[in-house]
Amino acid sequence: MSIEICKWYNNADSPVIFMIDDLANVWVDTNGNGEIDIEEDWGYAKDGVNSSFRFLKEVILKDYPDVKVTFFTPVGVRVGMIENSPIKSISKMINYDEETKQFFKSVNDNPKYEIAYHGTTHGKTGSTVYDFKQEWELFNSVDEAVETISKGIEVYKEVFGYYPKGGKYSGYKTNEFSDKSIDMTGFLWWCRFWNKGLIQDKNCIIGGEDLNPLTNLDIKTFGENKVIDIPSTLNGGLFTGIFNTNIKTIKGIAKVILRKYLINKKLKEIQYLLQNKLVISIQEHISPISDMPPESEGWGRQSPNIFDDEKSLKFIFNYIKYKNVWYCTGSELSEYVYLRDAVNLIEKDEKVFYFDFDKVIKETEITLKIFDNNRTLLKLPSGSYVKINNGIVNVPVMVGEYELF
């Protein structure tokens, strides 16, 4: 073949998605002062003072305009982690009032962002954090799961004007009814597992059964409708332990001395993804704060989170800035994969080819690699021309013949 369909848009080595969990209509007032302090907000403060969304925009992403974010949002009243917590937590639905709806819609309308589905309540509280049950663990049948999802996506549609294209299991926890419930409710894509990059744990129930990184860290499908399964591959706090060190301890001093070695060791995770053309999906939480008091069993800051991982995230973004990557949202990635897998390229002769397909997603381009270096232009079935750059060209999928010049 003198032409082939590229694995990723623009013939990138890897797609890059910045995934942030739990942007929700929630505020956890940890000190009880009745004011939203930095780190306490999950989305309740919208784009206001001390909001986590503003911190993300003005601190984390300020110097990285090409990075795109997929937020995972519980659409209902997001429950706390423990029963009867002494820490006050305010949680409301994303359609609570017009101001709230407008904030979430404005985020989703921005081409740099998208809001994906993350359940309704996220789960059910327990007496300790270990008793907390994630939402998709709670369903006793497929019908029950589908009923809850159906109600949830109606709330989503009310706010955004259409049903969600994708989402993620809360806490990556599931049961035997989970995958079928997603398959039956119209999602194009879903995040099922915390694949954990190259760090594999055979006893990790949320990491899936596939321990081969070449397939575990790549796109898959599941269900009768072939829902696209996007892996979660990179911890946003990959370098946090190196940069946030306590130099008053022997361990901290050692990390400072060995910093270059430790950084290079961690970089192998990103390098592996790039070298093998695998997905780079960076995982974070919008806030480090929960309703668990310091004296409670299992207390701790949510990890990873954009506040603790500021230096780590900036290091990651600086490293991949000059790599051959494609910054995209979960839906943009899935639409390309869907198109890539749905069409066949048929070469009529050395100059002319066409696509064979049943149905495609509108307004989605596909990337082609042209192996004949003498070809510089491609004529579309519409009669217009597109330039071939270094053997790479992005084209809309149309009925009719394409001709190389």
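The values are calculated or read from the model by the stated rules, or taken from the named source; none is laboratory data. All of these numbers come straight from a predicted model, not from anything done at the bench. Cβ: placed from backbone, ideal geometry, glycine included. Neighbour counts: every protein chain shown.
A few points about this structure:
- Among residues of segment 222-249 being of a type in the set (Ser, Thr, Tyr) and under 16 Å from the mean Cα position of the chain (by Cα), the one that is surrounded by the fewest Cβ atoms within 10 Å (Cβ to Cβ) is SER232.
- GLY241 vs. criteria in contact with a Phe, Trp or Tyr (Cβ under 9 Å, 6 or more places away or on another chain), among the small types (Gly, Ala, Ser) and either at pLDDT 85 or above or under 16 Å from GLY330 (Cβ atoms) (or both): no
- Leading residue by the ranking (surrounded by the fewest Cβ atoms within 10 Å (Cβ to Cβ)) among those in segment 58-80 that are under 17 Å from PRO288 (Cα atoms) and within 19 Å of the chain's Cα centre (by Cα): ILE60
- Filter result (part of a loop (DSSP other than H, G, I, E, B), in contact with a Leu (Cβ under 9 Å, 6 or more places away or on another chain) and of a type outside the set (Val, Ile, Thr)) within segment 212-224: LEU217, ASP218
- Residue in segment 301-316 that is out of contact with any Phe, Trp or Tyr (no Cβ under 8 Å at 6 or more places or on another chain), of a type in the set (Phe, Trp, Tyr) and under 28 Å from TRP190 (Cβ atoms) present: no
- Residue in segment 333-349 that is part of a loop (DSSP other than H, G, I, E, B), modelled with pLDDT under 95, in contact with a Leu (Cβ under 7 Å, 6 or more places away or on another chain) and outside the structural domain of THR73 (by TED's automatic domain parsing) present: no
- Out of PHE315, PHE307, PHE353, one residue alone is buried (at least 16 other Cβ atoms within 10 Å of the Cβ) and either in a strand (DSSP E or B) or of a type in the set (Val, Ile, Thr) (or both). It is PHE353.
- Of all the criteria given as (1) more than 20 Å from PHE103 (Cα to Cα); (2) in contact (Cβ under 8 Å) with a residue 24 or more places away in the chain; (3) not in a helix (DSSP H, G or I), the one not satisfied by ILE20 is (1).
- Options PRO86, PRO111: the member that is in a loop (DSSP other than H, G, I, E, B), assigned by TED's automatic domain parsing to the domain that holds VAL26 and within 22 Å of GLU332 (Cα to Cα): PRO111
- Any hit, segment 360-383, residues being among the small types (Gly, Ala, Ser) and over 26 Å from LYS277 (Cα atoms): yes
- Looking at PHE104, PHE139, PHE72, just one residue is over 19 Å from GLY171 (Cα atoms) and either modelled with pLDDT of 95 or more or not in a strand (DSSP E or B) (or both), and that residue is PHE104.
- Within segment 356-396, being assigned to a loop (DSSP other than H, G, I, E, B), without any contact (Cβ under 8 Å) to a residue 40 or more places away in the chain and over 32 Å from the mean Cα position of the chain (by Cα) holds for ASN373, ASN374, ARG375, THR376, LEU380, PRO381, SER382, GLY383, SER384.
- Residues satisfying the stated conditions in segment 318-331, i.e. in contact with a helix residue (DSSP H, G or I) (Cβ under 8 Å, 6 or more places away or on another chain) and either part of a loop (DSSP other than H, G, I, E, B) or not assigned by TED's automatic domain parsing to the domain that holds THR240 (or both): LYS323, ASN324, CYS328
- Some residue of segment 198-207 being out of contact with any Gly (no Cβ under 8 Å at 6 or more places or on another chain), over 28 Å from ASP291 (Cβ atoms) and polar (S, T, N, Q): yes
- Pick from segment 170-188, criterion of a type in the set (Phe, Trp, Tyr) and closer than 19 Å to LYS151 by Cβ, ranking: surrounded by the most Cβ atoms within 10 Å (Cβ to Cβ): PHE187
- Condition check for CYS328 on (1) surrounded by fewer than 17 Cβ atoms within 10 Å (Cβ to Cβ); (2) touching a Lys or Arg at 6+ places or on another chain (Cβ under 8 Å); (3) in contact (Cβ under 8 Å) with a residue 60 or more places away in the chain; (4) hydrophobic (A, V, I, L, M, F, W, C): one failure, at (1).
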